[in-house]
1. Identify the residue in region 1-27 that is out of contact with any strand residue (DSSP E or B) (no Cβ under 7 Å at 6 or more places or on another chain) and aliphatic (A, V, I, L, M) and, among all such residues, is most open to solvent (accessible area, probe 1.4 Å).
2. Here's a check for you: in region 454-512, which residue that is among the hydroxyl-bearing types (Ser, Thr, Tyr) and within 24 Å of Asn343 (Cβ to Cβ) is most open to solvent (accessible area, probe 1.4 Å)?
3. Looking at (1) assigned to a loop (DSSP other than H, G, I, E, B); (2) closer than 14 Å to Val144 by Cα, can you tell me which one Thr562 breaks?
4. Right, Val530: more than 30 Å from Glu157 (Cα to Cα) and out of contact with any Ser or Thr (no Cβ under 6 Å at 6 or more places or on another chain) or not?
5. If I filter region 318-334 down to residues being among the hydroxyl-bearing types (Ser, Thr, Tyr) and in a helix (DSSP H, G or I), which single residue comes out as surrounded by the fewest Cβ atoms within 10 Å (Cβ to Cβ)?
6. Give the residues of region 385-410 that are part of a loop (DSSP other than H, G, I, E, B), closer than 19 Å to Asp117 by Cβ and not small (Gly, Ala, Ser), sorted by residue number.
7. Determine which single condition Gly164 fails, assuming it passes every other condition in (1) under 21 Å from Gln557 (Cβ atoms); (2) open to solvent by less than 20 Å² (accessible area, probe 1.4 Å); (3) in contact with a Leu (Cβ under 9 Å, 6 or more places away or on another chain).
Amino acid sequence: MTDKMKPVDVVVVGSGVVGSIMAMELVSAGLKVLCLERGRMIDPQQDFVMPYVHDELKYDRHSDIFQNLSRETLTFRNNASQTALPMRELGSFKPGEMVGGTGAHWGCNARRFLPHDFELRSRVDERYGKRFFPEDCTSQDWGVSFDEVEPYYDQFEHIYGVGGKAGNLNGEIQPGGNPHEGPRSREYPNPPTRRTPQGEIFARAVTELGYTPFQGPAAAMTRDYTNLYKVMLGECQRGGFCSSHVCSQGAKANPLTAVLPALYRKDNFELRPLCNVIKVNTDSTGKKATGVTYIDARGREVEQPAELVVLATYCFNNTRLLLLSGIGTPYDPHSGRGVVGRNYSYQTGGRVHVFFDDREFNPFIGGGMVNTSIDDLNGDVIDRSDLGFVGGAYVAVQAFGSTPIKNKPVPAGTPRWGAQWKKAVAHYYRRSFAISIHGSCQSYRQNYLDLDPTYKDANGLPLLRMTFDWHENEKKMLAFMYERVTEIARAMKPAKYAAHQIYKNYTIVPYQSTHNMGGAVMGADPATSVVNKYLQSWDVPNLFVVGGSAFPHNAAQGPTETIGMLACWAADGIKENYLKRPGPLV
């Protein structure tokens with residue numbers, strides 16, 4: 001028997017970056033908003049205090065705040081000829097499962113996408129010709145331009161207190177910033193991070209090679225800051241344990257620190273943790289959402305009516321909920337038709353380690369994406385005519401706080417165990433750092449998400465199935481980047497340097513990034529997108545699907561800032577357009 005709750009104006013599924021901002025904006029518009037979160041309740045003041053939060057085994061190795069794969073996981077295969085098998089241990093990526101969602105453990109990489117990224121297909125076609133894209137590439141324009149969404153990037157940065165230095169202020173190139181960024185309407189709300197000794201070495205080397213270094217923007221506070229929602233965030237003390245952890249100092253902007261404290265003060269907001277939404281309900285026409293069904297902490301099935309439904313979960317669950325609810329046409333890779341599950345993409349990357357005998361650093365200190373970067377190999381800055389690939393990468397030296405269990409770089413040729421390995425670890429822990437490559441990833445006809453025909457979750461529902469592999473375009477792009485980064489490494493004059501292995505095929509085992517994108521993409525054509533430019537379902541106008549699932553492909557910059565921007569953009573579309581005239585906005 002299904003219990004039925006009292007109706008609300010809006011039900012928001014997920015309390016992460018998107019869900020918290022969407023809830024805050026709609027509550028502020030006077031709506032009664034209910035947020036449903038499948039994970040447990042979190043109080044940062046109690047759950048992540050010193051010194052217990054600095055527990056690498058608990059959080060990074062044993063995945064305390066991440067998705068419980070014994071209850072729900074996904075299956076994976078490289079191509080359709082293989083049998084997909086369940087992921088039993090978190091490896092390549094780490095979706096969150098708690099109030100605050102995946103955003104609670106992000107590394108604070110707060111970069112805007114380039115104007116080029118939003119109109120990738122049309123801009124590449126215009127410059128290089130329509131045959132430049134790989135034949136099976138499905139990357140497409142987003143349906144919005146950078147100029148349209150720039151104010152919402154600015155809004156997100158002032159909610160999350162991003163620190164940085166403008167490189168392009170209203171079209172005027174500014175010294176000290178990224179000269180290749182899109183024009184921004186005003187300066188960052190906080191100053192940039194201070195350059196580290198490792199960053200100084202990198203900056204000198206890339207300057208000699210003709211590149212322009214800058215301090216990458218970060219959402220770990222560079223000073224005490226009060227944000228747009230009147231929430232105070234403290235200055236970061238560079239204690240490390242940021243990515244895969246929750247900040248003990250309240251200095252890392254995330255839903256727990258920047259948005260939820262303000263939401264909890266609102267009488268027209270309610271948060272229900274341990275509520276796992278399993279379906280979006282619709283009326284007899286299938287064209288109107290009537291609410292959602294969820295499983296509560298006691299295993300009861302509950303129906304929650306609502307006038308407006310916002311799916312604000314991680315990329316995978318947004319897509320899975322649409323498939324389980326029968327909303328939108330599932331993607332068929334054989335015919336190329338259908339949209340739900342289409343255009344799944346990921347993030348490419350790699351690194352070159354440099355080892356010194358005559359220099360020492362303190363890698364343990366850092367965090368919050370303290371980094372010195374170049375963007376000269378990204379977007380359309382490089383001429384791809386003779387390179388033969390679409391996409392690019394930013395290159396950076398980061399000081400994120402080298403946690404001692406997983407950060408043990410040693411030069412090539414070092415024994416993998418024993419006395420010599422221990423000696424090398426001890427010697428090079430303070431005498432090495434990595435030059436990181438953070439690259440784009442295109443979408444392809446053969447890479448997609450669908451429901452697995454065999455495996456089910458703890459509730460008896462089909463698991464999501466991922467079919468994904470690297471394509472020649474990304475391999476060619478990374479090979480080019482490794483050549484450039486190796487040149488940078490040599491210019492630093494280290495004793496040794498070594499490139500991290502490039503995998504021939506994508507593997508789900510080692511951690512790479514929690515940057516999974518697509519499956520419910522936005523666009524201007526219902527035949528190739530799930531939602532319109534306002535993140536509104538083409539099929540069900542009172543359903544909005546917001547998050548990384550909307551990306552038609554993935555750019556080089558980290559996705560979280562753009563995900564947060566889309567939340568601000570979609571919320572404004574609801575407040576300024578939908579509420580005044582409910583129905584399709586396009």
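1. Applying the filter and picking the extreme gives Met1.
2. Step by step, filter region 454-512, then rank; the result is Tyr511.
3. (1)
4. When the stated conditions are applied, Val530 does not pass them.
5. Ser325
6. Correct list: Leu387, Phe389, Val390.
7. Every listed condition holds for Gly164 apart from (3).
To keep it simple, each residue is scored yes or no on (1) at pLDDT 95 or above; (2) of a type in the set (Phe, Trp, Tyr); (3) open to solvent by 10 Å² or more (accessible area, probe 1.4 Å).
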| site | (1), (2), (3) |
| --- | --- |
| Pro409 | no, no, yes |
| Ala412 | no, no, yes |
| Arg416 | no, no, yes |
| Gln420 | yes, no, yes |
| Arg430 | no, no, yes |
| His438 | yes, no, yes |
| Cys441 | yes, no, no |
| Arg445 | yes, no, yes |
| Asp450 | yes, no, yes |
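The values are calculated or read from the model by the stated rules, or taken from the named source; none is laboratory data. Since the model is a prediction, treat every value here as computed from it, not as a measurement. Glycine also receives a Cβ, built like all others from the backbone with ideal geometry; neighbour counts cover every protein chain displayed. Heads up: the accessible areas ignore ligands, DNA and RNA and are worked out on the full protein's heavy atoms, side chains in. Shrake-Rupley method; radii C 1.70, N 1.55, O 1.52, S 1.80 Å.
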